[in-house]
1. Restricting attention to the range B:521-541, which residues are more than 7 Å from chain A (Cβ to nearest Cβ), under 26 Å from A:Ala439 (Cβ atoms) and aliphatic (A, V, I, L, M)?
2. Return yes or no: is A:Arg461 buried (at least 16 other Cβ atoms within 10 Å of the Cβ), within 12 Å of chain B (Cβ to nearest Cβ), charged (D, E, K, R) and in a loop (DSSP other than H, G, I, E, B)?
3. Going through the range B:505-525 one residue at a time, which ones are of a type in the set (D, E, K, R) and modelled with pLDDT under 85?
4. Looking for something within 30 Å of the chain's Cα centre (by Cα), modelled with pLDDT under 80 and not small (Gly, Ala, Ser) - is there at least one such residue anywhere in the range A:127-145?
5. List the pairs whose first member sits in the range B:469-498 and is part of a helix (DSSP H, G or I) and modelled with pLDDT under 85, whose second member is surrounded by fewer than 20 Cβ atoms within 10 Å (Cβ to Cβ) and acidic (Asp, Glu), and whose Cβ atoms are under 6 Å apart, counting only residues at least 6 apart or on separate chains?
6. If you check A:Asp470 against the conditions, is it within 7 Å of another protein chain (Cβ to nearest Cβ), open to solvent by less than 60 Å² (accessible area, probe 1.4 Å) and modelled with pLDDT under 85?
7. Using the structure shown, decide if B:Phe510 is away from chain A (no Cβ under 12 Å), open to solvent by less than 20 Å² (accessible area, probe 1.4 Å) and touching a residue at least 24 places away in the same chain (Cβ under 8 Å).
8. Quick check on the range A:260-301: of everything there that is of a type in the set (S, T, N, Q) and in a loop (DSSP other than H, G, I, E, B), which residue is nearest to A:Pro429 (Cα to Cα)?
Amino acid sequence: MTRSFSDLGEALLQDPVSNANNAAHLLAAVCPCGEAPAPVVGDAEATYRQWLLRQYTALLARLRGLIAGGALPIVQTRALSTLMDLVRAEWPGEFAAATFSPALEAVLRSRKAAPEVISAFLNKYLAYADVRYHTLKVLAKAAARSAAEAAASSDSDAAEQPEAGRQDMVSDADLARNVYDRRAWSGAWLALLRMPLPDDIFRKVLVRLHADVLPHLINPLLLTDFLTNALDRGGLNGMLALHGIFTLVTRHGLEYPRFYERLYQLLTPAAFQARQRARFFELADVFLSSGLVPAYTAAAFAKRFARLALTAPPAGALVSIAFVHNLLRRHPACGVLLHRPPRPAAPADPNPASCAPAGEADAAAGPGGGVDVYVEVAPDPALSRAIESSLWELDSLRNHYCPQVAAVVGVLDKDLADRKRTAEIDLAPLLPGSYASLANSELTRRMKRVPTAFYAEPPRRLLDVNCAADFAGWAI
Amino acid sequence: MAKRRKAPRKAQQAAAAAVSKPAAASNPFERLHSRKKFAILGKRAKGEQRPSGKLRSEAVEKREKTLLVEYKQLRKANAFIDRRFGEDDDTLTAEEKAVARFQKERMKAIGGDRFALGDGEGEELTHLGRFLSEGGLGEAPESSDSDEDGGALDDAVVREFHFGGGFVRKEGAADVSAGSTGAEQDPERRRTKKEVMEEVMAKSKAARSAKREQRAEDLDATDALDAQFAALVAQGGLADLVRPKGSRRDRVAAAAAAAAQAAEDIVFDRARRELVFEAKATVGDRTHTAEELAEAEAQRLQALEAARQRRMRAAPAGVGGDDPDDDCEAAGDKDAAAPAGGYAARRHKRRRAEAAGPSGDALEDDFEVSDGDRGGSGDGSGSEDGEDEDTDEDGGAATGLQARQAARAAGAHPLQQSLRAASAALLRKYGAGAAGGGAGARGAELGSSDAVKASLAALPYLLGLPASYEEFAALVAGRPAEELSAAMGRMRACNAAALSADNRRRLQEFYGVLVQHFALRAGARPLPLDELDVLTVHLLALTPEVPVYAATVARARLQRLLDRLAAALRGSPADGASAWPGARGLLLLKLWATLFPASDRRHAVLTPAALVAGACLALCPLARASDVAQGLFLASLALHLTAPAQRLAPEALTFAVFGKAAALPELLAPAMSALRALGAAGLPQALETQRRGALAALEAAAAARIAARRPLQRRGATSAALARAPAAKMYNPRFEEDYAAGRDNDPDRERAEQRRLKRQLQKEKRGAMRELRKDAVFIGGVRQAEAAAAAAELRGTRRANFAILEQQEADARSGGQGGMFKSRKRGHK
């Protein structure tokens, strides 16, 4: 049967006019749905043409249906190649965009399209410039439509997730080769980023954005909206978005005065528990490496890191202290956080009444100076009054039970203004640290000598009376 | 100024003249010197004043000898070589040249045949330094020839004279030669015998007279001394050196009176007398070393075991003595000192038999022989060997034997009971003194009932260390804590590290076994706390003996805990297994906190242990009630670990620890807010009271800390130090030991060598160019001189010619008068 079909097809190709009836057989085989004959209008040739056009349209729909309907992967791949052949052959020398767009949309929007189809499309056809250009156009249009639909129905459509995933795979810097491509590519990306993206794809996009996308866009500043929205999500997403903004600010002239404020807000205790904390703090180090940050901002960051170190796990405390050290070394004006020279004894104020309105702050900084004026909850570093405070937290961390933490705090005892004798702490080895790595390093440490406990009166029980104070609340 | 200049110049001239007169600056330009004004490092410093003028003239001379000669030879086909004597040497005077010429002439004349003998004049053969023509040499042989017995004389002649006479050694040769040479050199010194004898006699006479004189002098001196002594005695000068008779008593009384007057002497005397009454130092018991103590303990246990065995096997009545204390002690002491064999062993055995009475050994031997299952001890050589082997069998986990022992121990015979009570009392008595036995004694104290004592006695006293955990488990399975303690105590005492070098290694294995037992018992339910307690006690005593091994064991277990935690956290929470370490892990952590010092800043065991506890507290999810309990216990444990050194453990935010932390208010803020939030939750009455109390305590502590703390100041940075002006920077000079000017200090030696060669080449090139330039100048000067000489000659010739012509003209004008016109001359005037 297939043999005869192929014979029919070959005969039709060799002599289309005399073998025109073969087409009817073939079409009947492909589209089993019979079509009622239309009333005859005009001459026979026009009728034939109309019929042929109808049949052709039905064929295209059927081929798209094969892909979207979830046929066997091999059938889907054949259907795609047939469609692409038709796109090429429809108008000799021209790209049949009208045929191509619905075909590509069928591929993209279908959840049943086999991965083989996608890969065949990417490998075989995307090398052609015209295919590439029209693909980007179709992508932009499809994304815009999805975004509009999502905006209309506020809950995100589940059907768009695979599409978004595939579009992400298409996004390749190679596509932006010439200016037309670049424009189409930028449009596709912007449309894509306007869509509501699921979390994993969102993270993927953010990770690659500043390196793979941003430099090739026609106008990178158009990404600002996307990035500020991402920043509101917080966590590593926020930090990645901040990286994008950082690139925009440093390379593309974006004005973003609240940059360090946003960074400040991202530093929370949860950051130490996150799985990607290494990347998070790596980026934070990049942002804070500038020496042009005002001293009050640097002081606020130092204070914030010190506060975090108080409650963080030992590995996090190590990172935090390293940050504090590097900040204080980069900003000598922050040295007062570690060393506040005692004020010369003020002469007795002749007018005590003038002292009264100075109020609480003065009283705090006055005799004891023990009140921490740092406002932890203030979102803006400028309002935190960190520069008036002291890093008592580090003094407490000297007694941290983890000896490595205590040792790192000892580094801060040096005069950080001495540029020759101090060096910045390299964060890279500290970032991947965890409980397990610290405990392993302690366990594999060479034993020089092992002191054993000495008791004036050796305990007679495992839970002795002597340690009852520590085990308060336990019946010993 | 002028004077000062003059003086050295004069001195110089004088010096130069003194050194060599002809070299005394014949050329005034040679006196030119380039004097160095400044000392410049790296400049040539050899010879401070270079005689530049002299050098210049030397260079000119050299050129005259070489370059000028070549120049003169230029474009000449032949050369005149002067081979005359001294013609090329300017230093020779004419006289010396003549002498040399004459010498050469003479040498040529006599130097014809080198080996031809002369015609005999002035040349003569010699023998023995004498000319052959002298008569003396030939006389002796001639005179001997004329003698009758010529043979003997011939021999003598041959010996004396042939070949110089030097080949045969002659007696009295030295005398002869001395005599002959003396005669030859100084004929005056040969004296006759009479003369010699006279001389000898004169000498002896002189010596005798000298001796006589000496004797007379000595006699005179003795007489003089005697006279002096007599005079001294007569004057009484020696009276005070001699004690007269009967004067003794007076002198003692005088001395006593003098001593009474000296106060210090009184004090001394009193002290001396008091010393008599003071207790004399007596020799005390020596402090025993650890080895000796361990040895004593092992021996005590050995004795006890022997007694036990004896009691176990002995007949029920009247055997083993009524006084088990004495018996045991005596047996123990004697066993310890028992010799191995021979007469000493026999004597020892007899003594023992006498001391123990008629019962002991015979009965023992009988019993051993009759007991079937003790085959190894049937040799009858002595009871100790058998006992040892028995002990080994006991250690070898013979549970059947233990059961039999227990059955025997359960026997209610009154004598048996009394024996046991006595042994327990003995144990207590010794346990108080000995280090190793303390635990056993304590175990006895803890369980004071008779049953416990009975079971204690049932344990063998000599226990080997178990080779594996199974062995140990079989030994202690089902035993109460007191017996466990006693067993461990005996094992440790019998195998103390001080007893044998190998014991330490075996104790390490034993330690591992104990920790394993602890871990297994800690996982049991219900928790056998009393067993864990006694295990803790023994581990605590054992850890200082094998600290590194203990740490290794603990670290291995910690690593396992950590791995387990990581695996549990990686797995999904739906697995059901809790990530918390469980009772076993918690109790092991507590055990290590007890065994090792928690106050160390970094400890091989406790630092990772604290990290593990912190990881559990921070990472493990709270899924059920038991998790909460474990978490609370871990928090307490973290406190327990950090409290001794007042360290900060953020994971277990507990109040009491951080009393001195500077950031106390900030640390406690979360806890305080949590407590405040709890207030709104509506707690039961009791909890609410506790909450209020805790909150109040926290607030009070925070307020106290705020009031106490001051802004930070860097350690060591005082205000005075800051107020001081910053010190000027000091740079230490860098000295190079082997500095050499101009040396290339490039570390790449090859490159440096290259550069040096290049420099040398440049220098040589410059020198060559300079020489060539000077040569050109010199040759230019020579050519100029030649041209000038040629011009002068030309000029001279011309002048001469003109003079002739003028002469002729004048002659012609004057009409041949030769310019001798008187009138003209006159007229001219």
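1. If the condition is that a residue be more than 7 Å from chain A (Cβ to nearest Cβ), under 26 Å from A:Ala439 (Cβ atoms) and aliphatic (A, V, I, L, M), then B:Ala522, B:Leu535, B:Leu539 are the ones that fit.
2. Details: buried (at least 16 other Cβ atoms within 10 Å of the Cβ): yes; within 12 Å of chain B (Cβ to nearest Cβ): yes; charged (D, E, K, R): yes; in a loop (DSSP other than H, G, I, E, B): yes.
Here the answer is yes, as A:Arg461 does meet what is asked.
3. Taking the range B:505-525 as the starting set, the residues that turn out to be of a type in the set (D, E, K, R) are B:505-506, B:509, B:521, B:525.
Once the filter is applied, which keeps residues that are of a type in the set (D, E, K, R) and modelled with pLDDT under 85, the range B:505-525 yields only B:Arg525.
4. no
5. B:Ala481/B:Asp530
6. Values: within 7 Å of another protein chain (Cβ to nearest Cβ): yes; open to solvent by less than 60 Å² (accessible area, probe 1.4 Å): yes; modelled with pLDDT under 85: yes.
Criteria met by A:Asp470.
7. On the way: away from chain A (no Cβ under 12 Å): yes; open to solvent by less than 20 Å² (accessible area, probe 1.4 Å): yes; touching a residue at least 24 places away in the same chain (Cβ under 8 Å): yes.
Yes; evaluated as a whole, the condition is true for this residue.
8. Here is the first cut: in the range A:260-301, the ones of a type in the set (S, T, N, Q) are A:265, A:268, A:273, A:276, A:289-290, A:297.
With in a loop (DSSP other than H, G, I, E, B) added as a condition, the list becomes A:268, A:276, A:289-290.
Working: A:Thr268: 22, A:Gln276: 15, A:Ser289: 17, A:Ser290: 21 Å.
Within the range A:260-301, the match that is nearest to A:Pro429 (Cα to Cα) is A:Gln276.
The values are calculated or read from the model by the stated rules, or taken from the named source; none is laboratory data. Everything numeric here is computed off the predicted structure, so don't read it as measured data. Neighbour counts are summed over all protein chains in view; Cβ atoms, including those assigned to glycine, are modelled from backbone coordinates with ideal geometry. Just so you know, the surface numbers come from the protein's heavy atoms only, side chains and all, with ligands and any DNA or RNA stripped out. Shrake-Rupley method; radii C 1.70, N 1.55, O 1.52, S 1.80 Å.
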